[in-house]
Amino acid sequence: MKPISLCSILFGAVLALGVEGNTVPVCAQNENAFRNSASKNRGMRMSASTKSRGSISQRQAVKRKTGPRNDYTWSGDPSVRVSRIKIDISSQRIWAYDSGGNVVGKSPVSTGKAGHDTPTGTFKVMNKSANHRSNLYGSIVASGGRVIDGDASSWQRKPAGSYFVGAPMPYFMRMTSGGVGMHSGYVTGRPASHGCIRLPHSFAAKLFAATRTGTPVTVVN
């Protein structure tokens, strides 16, 4: 049974005595005020909770927007041969063309970030290496295999007993003698590399298979 408050008893007594007007015991007024306040607080908490969920959704949307980009297309059959490649730094896109001038593949890329700009001009695929590793950038690893520095350069000073391990660059196709090329990597659709052109992994594999050494590559901005 729900307990009866003293205020309720007093309010009942007032009604029994036939008091005129809208007289309500002070305790009843306070109780009503408390109920109204509690209801208001519950509404505020629900509103804050809704806003919090909205903020989480917004954060998730931003994360999806800035996460890896793999929305490439490839229409060429397995026997297609790429005759030329175009890379646009401003739009962070790449196009591969067959001998008839048809686009057989296109994809978002990540080119060189500020200070490591991807060079513009006309190049050729100098050589190809499916399991290439960088000889310039990678990690410094301790003798036990623990990574000391995951964003290291091969020429930086290394602690005693540690060694340099080049970053993996699968499906690498070299374009310059300085080491710039196209390869599989983390793609966000924004400049992010040390100068190379990063490609979505599956797209890089298809482009690697369809491109021969000597294929011209044009980089514009």
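Please treat every number below as a calculation from the coordinates, not as lab data. Bear in mind the structure is a predicted one, so any value in this text is a computation, not a measurement. So basically every Cβ, Gly included, is an ideal-geometry build from the backbone, and we count neighbours across all protein chains shown.
Based on the alpha-carbon gyration tensor of the range 168-216 and its eigenvalue square roots a ≥ b ≥ c, which shape applies: rounded if a/c is under 1.5, prolate if not and a/b is larger than b/c, or oblate?
Oblate, since a/c reaches 1.5 and b/c is not below a/b.
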Fill in: Value of relative contact order over the range 139-221, rounded to a whole percent, pairs C-alpha under 8 Å and six or more apart
19 percent
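Assuming 0.36 nm per residue, please report the length gained on full extension of the stretch V103 to D117 beyond their Cα-Cα distance. List each step's numbers first, then the result.
Working: separation 14, 0.36 × 14 = 5.04 nm, distance 2.61 nm.
Here the segment from V103 to D117 would lengthen by 2.4 nm.
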Item to complete: Please check which bits of the range 90-122 a label hung off S75 would reach, taking the label as a point 7 Å along Cα-to-C-beta and the cut-off as backbone N under 14 Å.
Response: 95-107
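For the pairs K106/K128; K124/K206; K106/K158; K124/K158, flag any whose C-alpha to C-alpha distance is greater than 29 Å. Please list the in-between numbers first.
Working: K106/K128 20 Å; K124/K206 18 Å; K106/K158 40 Å; K124/K158 35 Å.
Long pairs (Cα-Cα over 29 Å): K106/K158; K124/K158.
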Worksheet item: Can you pull the Kirkwood radius for the range 69-221, inverse mean 1/r over Cα pairs, to one decimal in Å?
Response: 15.9 Å
